[in-house]
Amino acid sequence: MCRHLAYLGPPTTLRELLFDPPHSLLRQSWLPRDMRGGGTINADGFGVGWYPGDGPPVRYRRAQPIWSDPTIAELAAVTSSGAVLAAVRSATVGMAIVDAAAAPFAEGRWLFSHNGVVRGWPDSMVPLAAALPVRDLLTLDVATDSALLWALVRDRLRAGVAPARAVAETVTSVATAAPGSRLNLLLTDGQRVIATTAGHALSLRATSDAVLLASEPHDDEPGWRAVPEGHLVLATASEVRQQPIETW
Ligand code: GLN
């Protein structure tokens, strides 16, 4: 299963977020502590999205292990942002290993990531996919469960549903259609982060002006806490709300 993180706070380099911590996302790509559902390492791709200014985010995604790409290491050293979403991928068996399958998925200001798997793929998703505009299906980034989850969330965002509710409704409907799915999602627009725990671990560290949500704590410093299973977190850099998914 993938490992992902989202950060909001004072501008920091991608290097400080992804590479420097003792149990960084880089290290989690080859020595994760908490893999579930059969994966061992996260070597099938990686991606990072950040906000260079007031405009939309920029992404860098590759279908190769993060440790094998010298460009991301160079880029990370000189790139700073106050909002970042990043992931390393362990592809579910049978799913394509291409750049476009690596999170974050994006539209406008939104960045999205999925850690987990949709059970019974693709048959279990036929009823939910059939409710999407055909155009969305024809323009999916890639035929993976994660890309379809993004299309389901995005459809609600486009319809004006509040972001936390859009994520909560998607998790609830997919969990009903495909029981046993693991649906840890991350969504950000650079101002707020929405995160779910549905089948996987998620840790949170909040200070007065920053919040970091990550599949695994990236160091042993105090301040990390586990988000309980079945919860949705809505966080800004200065405020965190956490409630059971179905109450949003
Ligand atoms: N199922 C998704 C994929 O294959 C996410 C995998 C994961 O969380 N490891 O892309």
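Just so it is clear, none of the values below were taken in a lab; they were calculated from the coordinates. On a predicted model such as this, the values are computed, not experimentally measured, just so you know. Backbone-built Cβ (ideal geometry, glycine too); neighbour counts: all protein chains shown.
Tell me the net charge near Thr207. Cut-off is 13 Å between Cβ atoms, Thr207 excluded, with +1 for each Lys or Arg and -1 for each Asp or Glu.
-1
What does the highest-first list of 59-67, 214-222, 172-180, 130-138 look like by mean Cβ count within 10 Å?
59-67, 214-222, 172-180, 130-138
Just want the answer: with Cβ charges of +1 for Lys and Arg and -1 for Asp and Glu, which residue in Ala177, Ala210, Thr92 is farthest toward the dipole's positive end in the range 3-247?
Ala177
Pop the C-beta distance of Val126 and Val58 into the FRET formula with R0 = 30 Å and round what comes out to the nearest 0.05.
Taking R0 as 30 Å, the efficiency between Val126 and Val58 is 0.30.
For the range 97-106, in order, what is each residue's ³J(HN,Hα) by Karplus, 6.51 cos²θ - 1.76 cosθ + 1.60 with θ = phi - 60°, in whole Hz (x at glycine and Pro)?
Using θ = phi - 60°, the values come out as 10, 9, 3, 5, 8, 8, 5, x, 7, 8 Hz.
Would you mind computing, in nm to one decimal, how far apart the modelled labels at Arg225 and Val134 are, each placed 7 Å from Cα along Cα→Cβ?
Between Arg225 and Val134, the simple spin-label model gives 5.0 nm.
Going by average Cβ neighbours within 10 Å, how do the peptides 93-104, 182-193 rank, with the highest at the top?
182-193, 93-104
Would you work out the charge dipole size for the range 46-131 about its Cα centre, treating the Cβ of every Lys and Arg as +1 and the Cβ of every Asp and Glu as -1, and quote it to the nearest 20 debye?
Dipole of the range 46-131, to the nearest 20 debye: 120 debye.
Once a ≥ b ≥ c are taken as the square roots of the eigenvalues of the Cα gyration tensor of the chain, is the result rounded (a/c under 1.5), prolate (a/b larger than b/c) or oblate (a/b not larger than b/c)?
Taking the square roots of the gyration eigenvalues as a ≥ b ≥ c, the chain is rounded.
Find the centroid of the Cα atoms in the range 72-142 and in the range 163-191, then give the distance between the two in whole Å.
Centre-to-centre (Cα) distance: 13 Å.
Summing +1 for each Lys or Arg and -1 for each Asp or Glu, what net charge is found among the other residues whose Cβ lies under 13 Å from the Cβ of Ala178?
0
Enumerate the amide H contacts of Cys2 below 5 Å, restricted to partners 5 or more residues apart or on another chain; note that Pro and chain-start residues carry no placed amide H.
Amide H neighbours of Cys2, under 5 Å, 5+ apart: Ser90, Gly116.
Stretched out fully, how many nm does the piece from Ala143 to Ala100 gain, at 0.36 nm a residue minus the Cα gap?
14.5 nm
Each residue of the range 203-215 in turn: what ³J(HN,Hα) in whole Hz from Karplus with 6.51, -1.76, 1.60 and θ = phi - 60°, glycine and Pro shown as x?
Listing the rounded values in order: 10, 9, 10, 10, 10, 5, 10, 8, 9, 10, 10, 8, 4 Hz.
Using unit Cβ charges (K, R positive; D, E negative) and no other charged atoms, how large, in debye to the nearest 20, is the dipole of the range 113-228 about its Cα centre?
The calculation lands at about 400 debye.
Placing unit charges on C-beta atoms (Lys and Arg positive, Asp and Glu negative, everything else neutral), compute the dipole magnitude of the chain about its Cα centre in debye, rounded to 20.
Charge dipole of the chain: 300 debye, to the nearest 20.
Tally Lys/Arg at +1 and Asp/Glu at -1 over every other residue whose Cβ is under 9 Å from the Cβ of Arg154; what's the total?
Result for the local shell: -1.
Rounded to the nearest Å, what's the spacing between the alpha carbon centres of the range 1-30 and the range 192-213? Just the number, please.
A separation of 13 Å, based on Cα centres.
First check a/c for the range 31-157, with a ≥ b ≥ c the square roots of the eigenvalues of its C-alpha gyration tensor; if it is under 1.5, answer rounded, and if not, answer prolate when a/b is larger than b/c or oblate otherwise.
Judged from the Cα gyration tensor, the range 31-157 comes out oblate (a/c at least 1.5, b/c at or above a/b).
Place the peptides 117-125, 225-233, 70-78 in order of packing, highest mean first, counting for every residue the other Cβ atoms within 10 Å and averaging per peptide.
117-125, 225-233, 70-78
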